[in-house]
Amino acid sequence: MTKLFLISLLALSFTSISQTLKYDIATSKGEKIGDMVVVKTSHDDLIEIKVVSKVKSRIFVEIEVKYIGQVIYKNNRLHYSRVTTYVNDQVHNITTTINKGNYYTINKDGNIFKYHKPIYFSGMLLFFKEPNFISHLYSEANAYDNTIKLINKGVYQLTDPHTHGHNQYYYKNGRLYKASIKHGFISFEYILKP
């Protein structure tokens, strides 16, 4: 009996908890232009989030943008992140952030620099965690902080200090169900699938 208990306890310690969210990506007029899948896996003090999105749009020519992101948190602190963006199947940007203890090493398209503040909240966490009581969050793709503030119950506005663009994030029961994103000349929405 003791052996069975120990085997069960060991099996439990190796079990991970996983959540998957799926979003439609649509224009502000409601036209579907893509999909996104976000997977969060938790195990002990580790949290891993993976995001894969693909958008096809036509402005002057048809363009396809694919975003692949991964973050790993250890003890509620960013341990590692990597974001790769593809435009028409060609690598457009790669940003990697690695925790080195007292600082992070960031490689943004071959430019390497240090980031000296601890990171407890970053963009990919927005899918699973309402940003209560925070005013800044780290952008894994851009490698800098954005500001975020509550503007209504369950509604947050994120401001990019470099582009001055504003995105809005809408939460129900702590889960992101919609986001309105302004990126350059394009505005689009993430809408949680049922």
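Since every read-out is calculated from the coordinates, none of them should be taken as a lab result. Note that the structure is predicted; figures quoted are calculated from it, not measured. A quick note on method: Cβ atoms are made from the backbone with ideal geometry, for glycine too, and the neighbour counts reach across all protein chains shown.
Summary of values
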| item | result |
| --- | --- |
| Cβ-defined net charge surrounding G69, 10 Å radius [Lys, Arg +1; Asp, Glu -1] | +1 |
| Dipole in debye (nearest 20) - the stretch 17-192, about Cα centre, beta carbon charges: Lys, Arg +1; Asp, Glu -1 | 300 |
| For the stretch 32-83: relative contact order, % (alpha-carbon pairs under 8 angstrom, 6 or more apart) | 30 |
| Angle between the chain longest axis and helix 2-13 axis [Cα atoms, degrees, rounded to 10] | 20 |
| Relative contact order (percent, whole number), the chain, Cα cutoff 8 Å, 6+ residue spacing | 14 |
| Spin-label pair T163/I112, simplified geometry with 7 Å Cα→Cβ offset, distance in nm | 2.8 |
